[in-house]
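Asks: The structure follows.
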Amino acid sequence: MEAVYRFCISVNPSDVIEVDPELGDCVLQDPLTATALFQSVCFLAIKTLSLLDKIHTESQVNVILKFTHLPPFPEYSLDLCSFPRGNGAMRPVSMEGLVIAITRVTKYTQGARFLCSDEECPCSAGFHHIRVHAPGATESATVRNDFICRICGSALKEDVKFRVLGDKQLVEMIHVRALDLLSAHQQSSLRYQSVTLFLRDELCNSMRIGRLYRVLGIPAHVHQWPNITWSVEANRVKPWEPEYPHEVSVSFQQLLNVTSSSRWRFSAVLSHCFALNVAPPGLYNTLKLALLLSLVQNRVDEKETFHNLDLLAVTTDSLILDRLMTYSLQLASRGVRHRASGEMFASLSRDGLGSGSANIHAGSSLLATGGVCMLGDLGGYKKDKLDAIQSVLESSSVSLFIPGKKYGEDADQQISFPVLCSFWALADQSDASKRSLRADAMLGTVDLGPVSSQLADAFGLILQCRDVGGEQPLHTLQQAVHSGKPLYPSCWDFTTQDYQELLNHAQGLRVEMSPGAEKILHGYYMASRRVRTQSQGVKISVASIKLLISLSEAHCKLSLRPRVEEEDAVIAVLLCENSVTLTHGASALIIPPESVFPCDLKDVDGLQRRDDILEDLQQNILRFIYTYAPGAGSYITEE
């Protein structure tokens, strides 16, 4: 009981051109004419072979040509930064971009049967008048009440029981370079315009908000009087990731060789020399290391699981830390700086192309999918926003309520989106001196300003960046006077491009956990959980072990090694212990606040002193595990 039967035909343009160059040219240059030719051939085959008795006319055959690929020539690629001007040929093109908005799936008419209102006309029966959707056509172009019979000129009326419906979804896609404006690193007067894609039938729900895709489609002009909208009918959709240079520079290869005697030194020098135009060497080294670890750990594994590393920095100098995070943001595969006036998660609007359904727009966190969303100073957020951030950090998802009555749905809907990015944030302590310390505050805790302990725990990794007096203001003044010139000449000269390529290479490394590292991480988690639960009443969640593993793996990859060793586990334990101490106080494992960078690293002697201190701290960690972890004596010897 259908008026139209839909046939999806996979077409390899290269094969068609080899068999028949003229047909291949028609497929690529004039797909509508090629579709009509395929329609005729399919109908002839169906009638000759008696395949479907219900097909009586050629117009009942609805052919959709699905391109496997397009030739790799400029004529068949569309840069979303340069829209075609004028009324050019509507031939298939390939484009890449980022999904910034998406609608709910609605219905559209694939095909409909019309009968002549004059009963004596032969078109009052049969399948003489069939309307089929064409690329760029609106619903009114397929179904309306003013069609005229081609034979007698009488009005046509639709036979509704033969109408064939399909699924439709609208997607807004924009050039990936538009994200450069959201990172706040470079100011630009450029404006990027999005293009609307129509996904139909089996392509619906094939694109997810905040993801990158390569789309093969046919441009079309959608006429909605008095406007004409340039859009694209999607033909094939594939996930896409841009290729980044990931070769380790010669400078870093040399550094790797000269620091091979210690598994701690390579990452130490990387942190020491990082972002020298923002902070001088030796200042905020622990934060620099944490930023590099977070950048390395942002990845999606083979099981489509996203690995991230959230970071909260506590400081009295939020300006410099804000600049340091902003500088680091440009090294992320995708970095978005959230602005207070913008939407952090998702927002709703009504679709403007006729369907009237809810159009879901990506906020900063969804735009940063696979990368970093920088929140800035949390002191500028209201309590409801801070609660929403805590909820997203804990669940890695955001829910959106869609009122059905407002957007043409039968019922209200609650939909959820995964939030797959790392969050960086600041907590300003500059007003801490005006507040009195709580009477029940534990030794080692700090004032987190507007950040609650629950929100801090949700971030996972918390760092206190202490002020060093007049060194930083002097650096800022010198940087302003000698803009563009290196203030700190060094035997190691690493550029931003060097760091970018190193991080790209490190992200792609696959590492395995050594038994020694696994024992330290598991033992510390069990010992810390036991000590803090008994003495402080603090419950150490399972998220802590995930953070420990994430930090150790990130340090291993940053050091360009394939195996997580005990030294990586030690760095992870020190960072975690300092983080928990800031919110819940010190435990039986007493370590200095700057345990990861306990001394100056101006020369080789400084690196050796750091190695010696870290070895002593490693022994302290082992003693702590041996004393407090249940069953530790079975895998750690007293010696």
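The values are calculated or read from the model by the stated rules, or taken from the named source; none is laboratory data. Keep in mind that what you see is a predicted model, and the values were worked out from it rather than measured. When we count neighbours, we look across all protein chains shown, and the Cβ atoms used for this are built from the backbone with ideal geometry, even at glycine. Just so you know, the surface numbers come from the protein's heavy atoms only, side chains and all, with ligands and any DNA or RNA stripped out. Shrake-Rupley method; radii C 1.70, N 1.55, O 1.52, S 1.80 Å.
Asks: Which trypsin sites (Lys or Arg not before Pro) from the range 10-113 combine a DSSP loop assignment with at most 11 other Cβ atoms within 10 Å?
Replies: Details: sites: Lys47, Lys54, Lys66, Arg85, Arg104, Lys107, Arg113; in loops: Lys54, Arg85, Arg104.
Of the trypsin sites (Lys or Arg not before Pro), the ones in loops of the range 10-113 whose Cβ has at most 11 other Cβ atoms within 10 Å are Lys54, Arg85.
Asks: What is the antiparallel percent of DSSP beta bridges lying wholly in the chain, to the nearest 5?
Replies: Numbers: 57 of 88 bridges.
Counting only bridges with both partners in the chain, antiparallel ones make up about 65 percent.
Asks: In percent, what relative contact order does the range 294-334 have, based on Cα pairs under 8 Å that are 6 or more apart in sequence? Walk me through the numbers on the way to the answer.
Replies: Working: 20 pairs, mean separation 12.8, N = 41.
Reported as a whole number, the value is 31 percent.
Asks: To continue, here is another question. Diagonalise the Cα gyration tensor of the range 331-421 and give the resulting equivalent ellipsoid semi-axes, square root of 5 times each eigenvalue, largest first, whole Å. Write down the numbers at each step before the final one.
Replies: Numbers: eigenvalues 136, 45, 31 Å².
The three semi-axes for the range 331-421 are 26, 15, 13 Å.
Asks: Can you compute the modelled spin-label distance between Arg150 and Cys81, with each label point 7 Å from Cα toward Cβ, in nm?
Replies: 4.7 nm
Asks: Rounded to whole Hz and in sequence order, give me ³J(HN,Hα) for the range 607-622 from the Karplus expression 6.51 cos²θ - 1.76 cosθ + 1.60, θ = phi - 60°, writing x for Gly and Pro.
Replies: Coupling constants for the range 607-622: 5, 5, 4, 4, 4, 5, 5, 5, 5, 5, 5, 4, 5, 4, 5, 5 Hz.
Asks: A further question on this structure: Please give the per residue accessible area of the range 40-113, computed with a probe of 1.4 Å over protein heavy atoms only, in Å².
Replies: Values: 3670 Å² over 74 residues.
Per-residue accessible area for the range 40-113 comes out at 50 Å².
Asks: Continuing with this model, one more query. Tell me whether the range 113-201 comes out rounded, prolate or oblate; compute the Cα gyration tensor, take square roots of the eigenvalues as a ≥ b ≥ c, and use a/c under 1.5 as the rounded threshold.
Replies: prolate
Asks: Let me ask you something else. For the range 498-547 and the range 105-154, what is the separation of their Cα centres, given in Å?
Replies: Distance between centres, Cα-based: 66 Å.
Asks: Separate question: For the range 285-334, what is the convex hull (Cα atoms) projected area averaged across all directions, in square nanometres? Provide the component values of the computation, followed by the final result.
Replies: Values: hull surface 15.0 nm².
Reported value for the Cα convex hull: 3.7 nm².
Asks: Let me ask something else. With charges only on Cβ, +1 for K and R and -1 for D and E, what is the dipole size of the chain about its Cα centre, in debye, rounded to 20?
Replies: 1220 debye
Asks: Additional query: So, R0 is 51 Å and r is the distance between the beta-carbons of Lys161 and Glu243; what FRET efficiency does that work out to, to 0.05? Please report the intermediate quantities before stating the final value.
Replies: Working: r = 52 Å, r/R0 = 1.03.
Rounded to the nearest 0.05, the efficiency is 0.45.
Asks: Pull up all non-local amide H partners of Phe147: gap of 5 or more, or a different chain, and H-to-H distance under 5 Å with H placed in the peptide plane.
Replies: Correct list: Leu156.
Asks: OK, next. Could you give the nm distance between label points at Glu512 and Ile228, where each point is 7 Å from its Cα heading toward the beta carbon?
Replies: 6.3 nm
Asks: What part of the accessible area of the chain, given as a whole %, is carbon or sulfur when the probe is 1.4 angstrom?
Replies: Details: 15910 of 30630 Å².
Reported share for carbon and sulfur atoms: 52 percent.
Asks: Whose amide H sits under 5 Å from the amide H of Arg350, counting only residues 5 or more places off or on another chain, with H placed in the peptide plane?
Replies: Amide H neighbours of Arg350: Asn359.
Asks: I would also like to ask the following. What GluC sites (Glu not before Pro) does the range 176-274 have in DSSP loop regions with at most 15 other beta carbons within 10 Å? Spell out each step's value before the answer.
Replies: Numbers: sites: Glu202, Glu233, Glu243, Glu247; in loops: Glu243, Glu247.
Those that pass, being in a loop and sparsely packed, are Glu243, Glu247.
Asks: By its C-alpha gyration tensor, with a ≥ b ≥ c as the square roots of the eigenvalues, how is the chain shaped: rounded for a/c under 1.5, else prolate for a/b larger than b/c, else oblate? Walk me through the numbers on the way to the answer.
Replies: On the way: a/c = 2.51, a/b = 2.28, b/c = 1.10.
Here the chain falls in the prolate category.
Asks: Tell me, what is the percent relative contact order of the chain, built from C-alpha pairs under 8 Å that lie six or more residues apart? Kindly include the intermediate steps, with their values, before the conclusion.
Replies: Values: 1156 pairs, mean separation 75.2, N = 639.
This gives 12 percent for the chain.
Asks: Sum -39500 (n - 2.57) across every DSSP H segment of at least 4 residues in the chain, then divide by the residue count to get the 222 nm mean residue ellipticity, nearest 500. Present the calculation step by step, with values, prior to reporting the outcome.
Replies: Details: 18 runs with 212 residues, N = 639.
Theoretical 222 nm ellipticity from helices: -10000 deg cm²/dmol.
Asks: Another one. Compute the distance in nm between two label points, each set 7 Å from the Cα along the Cα-to-Cβ direction, one at Leu37 and one at Ser117.
Replies: 4.0 nm
Asks: Additional query: Straight-line reach from Lys47: which lysines fall under 26 Å, measuring Cα to Cα and dropping same-chain residues less than 8 apart?
Replies: Hits, sequence-local ones excluded: Lys66, Lys161.
Asks: So if I take the centroid of the Cα atoms in the range 24-82 and the same for the range 360-392, what is the distance between those two points in Å?
Replies: Centre-to-centre (Cα) distance: 46 Å.
Asks: What is the range 5-120 by shape, rounded, prolate or oblate, if you read a ≥ b ≥ c off the alpha carbon gyration tensor as root eigenvalues and call it rounded for a/c under 1.5, prolate for a/b larger than b/c, and oblate otherwise? Before the final figure, lay out the partial values.
Replies: Values: a/c = 2.24, a/b = 1.43, b/c = 1.57.
Here the range 5-120 falls in the oblate category.
Asks: Provide Thr33, Thr286, Thr496 ordered by accessible surface of protein heavy atoms (probe 1.4 Å), highest first.
Replies: Working: Thr33 70, Thr286 25, Thr496 50 Å².
Reading off the accessible areas and sorting them downward yields Thr33, Thr496, Thr286.
Asks: Right, here's the next one. Could you tell me what % of all Cα pairs in the range 560-639 have separations over 15 Å? Let's see the in-between values first.
Replies: On the way: 1987 of 3160 pairs.
When every Cα pair of the range 560-639 is considered, 63 percent fall beyond 15 Å.
Asks: Which is farthest toward the positive dipole end of the chain among Ser399, Cys121, Ile55, measuring Cα position about the Cα centre, with Cβ charges +1 (Lys, Arg) and -1 (Asp, Glu)?
Replies: Among Ser399, Cys121, Ile55, the one farthest towards the positive end of the dipole of the chain is Cys121.
Asks: Hey, another quick one. Check cross-link reach from Lys539 to the lysines: straight Cα distance under 25 Å, and skip same-chain residues fewer than eight apart.
Replies: Partners found: Lys383, Lys519.
Asks: Then there's this: Within the range 353-399, list the trypsin sites (Lys or Arg not before Pro) lying in a DSSP loop whose Cβ has at most 12 other Cβ atoms in a 10 Å radius. All intermediate terms of the calculation are to be shown ahead of the outcome.
Replies: Working: sites: Lys382, Lys383, Lys385; in loops: Lys382.
Sites meeting the loop and neighbour criteria: Lys382.
Asks: If you don't mind, there's one more thing I want to ask. Rounded to whole Å and sorted largest first, what semi-axes of the equivalent ellipsoid does the C-alpha gyration tensor of the range 127-270 yield via the square root of 5 times each eigenvalue? Let's see the in-between values first.
Replies: Details: eigenvalues 611, 62, 23 Å².
After diagonalising the Cα gyration tensor, the semi-axes are 55, 18, 11 Å.
Asks: What number, in percent, do you get for the relative contact order of the range 55-126 if the mean sequence gap of Cα pairs under 8 Å and at least 6 apart is divided by its residue count? All intermediate terms of the calculation are to be shown ahead of the outcome.
Replies: On the way: 29 pairs, mean separation 14.0, N = 72.
Value for the range 55-126: 19 percent.
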